[in-house]
Every structure is written in C-alpha cells, then in structure tokens.
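Working notes, beginning with the structure itself.
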Amino acid sequence: MICSINRNFASISILMYKQVDFNRVIEYDRRGLKEDALLDLYKAILKPRMIEEKMLSLLRQGKISKWFAGIGQEAIAVGSAEALEQDEYMLTMHRNLGVFTSRKVPLERLFAQFQGKKTGFTKGRDRSFHFGSNEHKIVGMISHLGPQLGVADGLALAHKLKKEQKVTLVFTGDGGTSEGDFHEALNVAAVWNLPVIFLIENNGYGLSTPNEEQFVAEHLIDKAIGYGMKGKRIDGNNLLEVYHTVKDLAGDMRKDPKPVILECMTFRMRGHEEASGTKYVPEKLMEEWAKKDPVLNYETFLKEEKHLDDKKIEDIRAEIKEEIENALKKVYAEDKIKADMSLELSDVYRPSNYGSPIEAIAEKGKKSKKKFINAITDALDMAMMKFQSMILMGQDIAEYGGVFKVTKGLVEKYGRDRVRNTPLCESAIIGTGLGLSIRGIKSVVEMQFADFVSSGFTQTVNNLAKIHYRWDQNADVVIRMPTGAGVSAGPFHSQSDEAWFYHTPGLKVVYPSNPEDAKGLLLAAIEDPNPVMYFEHKVMYRSITGEVPDDY
C-alpha cells in the first residue's frame with residue numbers, strides 16, 4: 001500500500017488515508033506544546049499539501065503552466081515559518097509554499113500569481129515563486145540558485161545596524177551548496193557575525209543529479225567548520241523537530257548574533273518540476289521515503305495522542321478546501337492578462353522624486369577647484385552626512401582608503417559599521433546591498449576595479465536590475481566602477497565595460513566627464529532609488545581639475 005500511496009502521492013484523499021494501515025515511523029517530542037498549538041501546526045502543514053494537490057489537478061487541466069511540488073518536504077517550510085517571529089525575514093525557494101501560507105499571504109493573490117493574473121505579485125509576468133512580499137517579510141528567489149543567500153546577509157546586517165534582535169532565515173537546496181554564492185554568503189555572514197540561519201533542504205538530488213555527484217562531504221553541515229560557524233543536522237520530515245530547532249537557534253541568535261547552517265534531511269516525492277518526473281529515483285528509495293510522509297506521520301501522532309479523530313480531520317479539511325475553492329473562484333473571475341506597454345515600461349524603474357537639485361544649487365553656491373577624485377570623495381562624504389544609515393562597502397575601503405584612495409578618511413569620520421571592508425566576495429556584497437535596500441538602507445559598493453564586477457554579474461543584471469519590475473521592490477544600490485585604459489594595467493584592470501550594462505533594463509549607467517559632474521552625478525545616483533552603475537575613469541582621477549560647487 002505504501003508504494004501505492006507514493007505513486008498517487010499528489011491525489012491521496014482523506015478517504016484513501018483511512019483505508020491505509022499507516023504505521024508512524026517518525027518520533028515526535030512535543031516539548032510542552034499544548035493541544036491548541038499542536039493542532040495549529042497540523043492545520044499549517046495540511047494547508048500547503050491540499051493546495052499542492054489542487055495545483056497538480058489544475059496543471060493537468062491546463063489551468064496553470066508549471067508547478068514545483070514540495071510534497072514530502074512541507075515540514076521544513078511550515079516548521080521554520082511557525083517558529084520564527086512574523087516580522088523576521090524568510091528567503092524562499094520553489095518548494096516553500098508553507099512559508100507563504102504560514103505567513104497568511106492571501107490565497108487569492110497566490111493563485112493569481114500561479115495563473116499569471118494581474119493581481120499576482122508579478123502582475124502576470126511570472127507564474128513561479130520568483131517574487132516576494134515585504135508586507136509578509138518574504139523575499140523570493142531568482143532561477144539562478146544562490147543569489148538569495150547574499151540578500152539574506154544584507155537583511156541580517158540591517159538588523160544588526162538597527163540594533164534589532166532579529167534573525168533572517170534563507171533556504172537553499174543540496175544542489176545549491178555547489179554554487180559560488182553559497183560560499184560567498186556564508187563567508188561574509190561568518191566574518192560579520194550576521195544572524196542568518198542558512199537552511200539546506202537536503203532532498204538527495206539536484207534535479208536528477210544525486211548528491212554523490214554534487215559533493216564529496218558526507219554531510220553538508222561538515223562545511224560549517226570551514227566558516228567557523230555552528231552546524232546542525234535534523235530530520236526535515238519531523239515537523240516538531242524542525243519547529244523546536246529553529247525556535248531554539250533563533251532564540252540564541254537574537255542574543256548572540258552569529259550565523260548557523262541547518263541541514264534538514266528530506267525527500268521530494270515529485271519531480272524537480274512536474275515535467276521532469278521521477279524515473280531517475282530508485283523505486284525502493286521512493287517507498288522508504290513515502291513511509292516518512294510528514295503530513296501522515298504527524299496526523300497519526302495526533303490521533304494517537306487523542307488530539308485528532310476522523311471527524312475532526314474531515315472538518316479541518318473541509319474548512320481548508322472551502323478556503324481554496326473560494327480563492328480560486330475570485331481568480332477565475334479575473335480577466336486574462338493583457339499587455340499594457342505603458343505599465344510595463346513604468347515598472348522597470350522606481351519613480352524618482354529628487355527633482356533637479358544640482359542645477360538649482362550650482363548657480364548660487366560657492367565653487368572650489370577640485371580634482372576629479374576629490375569631487376567623488378566630497379560627494380560620498382556629503383551623502384553619508386545626509387543619509388545617516390547609508391553604508392559604503394568594498395575591498396580595502398576602510399583605513400586603507402581603497403586602492404585609489406577615494407574613500408580615504410571616511411572610516412575615521414563615520415566608523416567601521418558604515419564604511420565596511422569586505423571579503424573578496426563581489427556577488428555576496430552586491431546581494432548584501434540589495435538586502436539592505438529591502439530594509440530601506442542605501443548602499444554604495446566599490447568594485448576595486450570595474451573588471452571585477454563580472455564576479456557579481458548575476459546579482460547585478462538579474463537581481464538588482466529586475467527586482468522592481470518583478471515585484472515592486474527597488475534596489476537602492478550604487479556600484480562604483482573604477483574603469484578605463486591608459487594606465488598600462490592589462491586586460492583585467494583596464495576594461496571599459498559599461499557596454500555590459502547599458503543593454504540591461506532596470507539599471508542606470510552614469511559616466512561623468514569632469515569634476516563637477518563627478519560630484520553631482522554621484523549624489524544624484526545615491527538619491528535615485530534604482531540601481532546605478534557609476535563609472536569613474538581612472539586616468540581622470542588626478543589628471544583633471546575643475547570648479548565644483550561646495551554645497552550639496
């Protein structure tokens with residue numbers, strides 16, 4: 001019967017459950033949780049399972065185009081979401097539907113998203129989980145596995161800077177730990193003591209590639225020691241173990257901010273997405289994991305503890321089913337999406353309301369002669385004074401002042417919290433800037449040389465550039481780019497790579513030609529709520545002098 005359950009996993013009804021002599025294989029420790037709390041967790045884990053069953057049915061009917069099933073993994077998303085405080089950020093992946101339902105995201109908006117309707121989070125531009133909701137403290141992924149890990153660093157850094165006793169939890173998969181972004185984000189979090197729970201959903205496969213072809217480490221938490229951080233490995237199908245573990249870790253981290261790796265052992269009972277199937281998985285393995293179903297095991301536990309009976313189960317399922325059907329009716333009633341070019345274009349950038357302060361001030365303010373490089377430093381100094389939460393980040397930019405000395409003297413004036421030396425982790429630091437922006441903090445990231453931004457290319461062109469278009473979250477990040485030839489530095493320190501970026505909607509590209517523009521355009525770039533690539537030709541740093549307004 002277990003094999004039969006597995007093969008029809010997405011369509012098991014409560015009647016089928018009753019017919020199966022299901023033996024619980026997971027041991028639960030309630031640790032003082034009362035009946036109401038235990039039942040709330042049951043409702044929380046049952047809802048995403050029932051939604052998934054409905055989505056798979058709609059997929060077969062052609063009413064949605066794609067689905068990434070998390071069936072068999074619900075305990076991780078639900079247990080962690082229920083354990084954290086509602087205002088603590090969670091960064092999700094494809095199979096974390098339970099985070100959205102636990103955070104009480106309205107089902108009609110979720111279903112509109114999945115069906116490509118205008119009231120979805122991405123206004124019909126994407127039918128997958130590539131979105132977020134600041135209201136619900138959820139930040140979604142992009143398809144490139146890994147970049148959300150650096151964003152989690154930025155959210156956690158914001159907590160530290162604001163002196164908030166909060167944690168951030170970010171999901172990744174076992175396959176995602178092979179990405180460079182995994183290393184960079186964990187390294188930055190460890191160096192800066194950021195309160196991030198890096199939760200690895202270890203389901204044994206990266207799409208169809210088994211773990212032994214992904215990494216050699218016996219357990220993924222073995223990686224923790226390399227970053228000097230704590231690692232913990234748990235049964236990801238045990239709802240109460242996930243709940244208690246995350247609650248304990250978060251409680252400790254709020255008092256003593258440090259990152260941790262949490263490896264949750266689990267299995268997905270469907271394909272990577274439905275078109276993939278599961279033929280690559282040995283049948284015996286499927287049968288073994290079917291016995292560890294997190295919903296069935298927890299339900300059986302509650303029945304054994306006399307907290308549930310068949311009647312109560314039927315009532316709970318009927319209530320959830322009604323909520324699902326009512327939400328779907330609302331979405332079905334919506335018009336099909338229609339292209340609106342003015343809306344599409346207007347959503348590429350966050351509207352900027354700073355006006356034209358440069359022209360207004362320049363005519364009446366005093367001017368002084370400044371070199372190109374000093375005009376840039378002057379702009380950074382003034383912006384740091386005006387925006388008192390603004391952060392500067394880059395390699396060697398603190399006491400050393402950067403390799404070109406643009407930031408010289410700023411760390412003494414504003415401190416190391418705001419002028420931050422970074423590890424050599426371009427992708428994670430750009431992601432950190434995005435995380436800070438989600439919390440309303442501006443940042444300026446210095447590439448030591450413009451050429452090195454290629455190591456952060458995905459974060460720049462796929463995350464910063466597209467996030468406002470995707471779900472109305474702006475990226476208030478300026479990336480300073482020392483660029484250009486003429487210094488005999490070869491092909492890796494002298495490229496003029498602005499062309500990489502001006503083909504990308506969502507980015508703004510700035511290239512000042514004189515000291516006055518260098519100051520004014522940098523201030524304007526920092527004021528602008530959109531991501532700006534600010535190019536500084538290295539030859540001009542000390543070779544050009546001009547009249548520059550003293551004022552802002």
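The values are calculated or read from the model by the stated rules, or taken from the named source; none is laboratory data. No experiment lies behind these values; they were computed from the predicted model shown. Heads up, the Cβs are rebuilt from the backbone with ideal geometry, glycines too, and the neighbour counts pull from every protein chain shown. Surface areas here come from the heavy atoms of the whole protein model, side chains and all, with no ligands, DNA or RNA. Shrake-Rupley method; radii C 1.70, N 1.55, O 1.52, S 1.80 Å.
Quick notes on this one:
- Condition met for VAL331 (closer than 30 Å to LEU507 by Cβ, surrounded by 11 or more Cβ atoms within 10 Å (Cβ to Cβ) and in contact (Cβ under 8 Å) with a residue 12 or more places away in the chain): no
- For beta carbons closer than 7 Å, sequence separation of 6+ or different chains, a first residue in segment 202-217 that is aromatic (Phe, Trp, Tyr) and a second that is at pLDDT 75 or above, the qualifying pairs are PHE215/THR177; PHE215/SER178.
- A count restricted to segment 395-436 and to residues that are under 21 Å from the mean Cα position of the chain (by Cα) and within 25 Å of ALA489 (Cβ to Cβ) stands at 8.
- Where a residue in segment 491-503 is of a type outside the set (Phe, Trp, Tyr) and its partner, wherever it lies, is assigned to a loop (DSSP other than H, G, I, E, B) and open to solvent by 60 Å² or more (accessible area, probe 1.4 Å), with Cβ under 9 Å and at least six apart: HIS493/VAL487; SER494/GLY486; SER494/VAL487; SER494/SER488; GLU498/TYR511
- Within segment 381-397, considering residues that are in a loop (DSSP other than H, G, I, E, B) and touching a residue at least 40 places away in the same chain (Cβ under 8 Å), the one surrounded by the most Cβ atoms within 10 Å (Cβ to Cβ): ILE397
- Among the residues listed as VAL461, VAL509, VAL487, the single one being surrounded by fewer than 22 Cβ atoms within 10 Å (Cβ to Cβ), of a type outside the set (D, E, K, R) and part of a strand (DSSP E or B): VAL509
- Qualifying residues in segment 200-237 (those that are assigned to a helix (DSSP H, G or I) and under 24 Å from THR278 (Cα atoms)) - the one modelled with the highest pLDDT: LEU220
- Close pairs (9 angstrom Cβ cut-off, 6 or more residues apart or separate chains): without any contact (Cβ under 8 Å) to a residue 12 or more places away in the chain in segment 220-242, among the hydrophobic types (A, V, I, L, M, F, W, C) and assigned to a helix (DSSP H, G or I) anywhere: GLY226/LEU186
- Counting only residues that are touching a helix residue (DSSP H, G or I) at 6+ places or on another chain (Cβ under 8 Å) and aliphatic (A, V, I, L, M), segment 204-244 holds 8 of them.
- Taking (1) open to solvent by 70 Å² or more (accessible area, probe 1.4 Å); (2) within 34 Å of the chain's Cα centre (by Cα); (3) at pLDDT 95 or above in turn, ILE316 satisfies each apart from (1).
- Residue check for GLY116: over 26 Å from GLU164 (Cα atoms), modelled with pLDDT of 90 or more, open to solvent by less than 20 Å² (accessible area, probe 1.4 Å) and part of a loop (DSSP other than H, G, I, E, B): no
- Cross-chain or 6+ apart pairs with Cβ under 8 Å, segment 335-354 first and surrounded by 11 or more Cβ atoms within 10 Å (Cβ to Cβ), then of a type in the set (Asp, Glu) and outside any loop (DSSP other than H, G, I, E, B): SER352/GLU527; TYR354/GLU527
- Yes/no for GLU135 being of a type in the set (Asp, Glu), surrounded by fewer than 19 Cβ atoms within 10 Å (Cβ to Cβ) and either part of a helix (DSSP H, G or I) or in contact with a Lys or Arg (Cβ under 6 Å, 6 or more places away or on another chain) (or both): yes
- Selection of helices (runs of 4 or more DSSP H) fully inside segment 8-98 by the criterion of at least 2 residues being of a type in the set (Phe, Trp, Tyr), modelled with pLDDT of 95 or more and surrounded by 21 or more Cβ atoms within 10 Å (Cβ to Cβ) returns nothing.
- Complete set of residues in segment 398-435 that are part of a loop (DSSP other than H, G, I, E, B) and without any contact (Cβ under 8 Å) to a residue 24 or more places away in the chain: ALA398, GLU399, TYR400, GLY401, GLY415, ARG416
- Counting the residues of segment 238-280 that are at pLDDT below 95, touching a Pro at 6+ places or on another chain (Cβ under 9 Å) and open to solvent by less than 50 Å² (accessible area, probe 1.4 Å) gives 1.
- Any hit, segment 417-426, residues being on the phi < 0 side of the Ramachandran plot and touching a Pro at 6+ places or on another chain (Cβ under 6 Å): no
- Qualifying positions in segment 422-443 - surrounded by fewer than 18 Cβ atoms within 10 Å (Cβ to Cβ) and either of a type in the set (A, V, I, L, M) or more than 19 Å from LYS162 (Cα to Cα) (or both): PRO423, LEU424
- Among the residues of segment 99-108, those identified as more than 15 Å from ILE64 (Cβ to Cβ) and either among the hydroxyl-bearing types (Ser, Thr, Tyr) or crowded, with 19+ Cβ neighbours inside 10 Å (or both) are VAL99, PHE100, THR101, SER102.
- Within the span defined as segment 147-159, every residue fails to be open to solvent by 10 Å² or more (accessible area, probe 1.4 Å) and either farther than 20 Å from ASP476 by Cβ or outside any strand (DSSP E or B) (or both).
- Per-region count, segment 202-227, residues in contact with an Asp or Glu (Cβ under 6 Å, 6 or more places away or on another chain) and either open to solvent by 60 Å² or more (accessible area, probe 1.4 Å) or not polar (S, T, N, Q) (or both): 2
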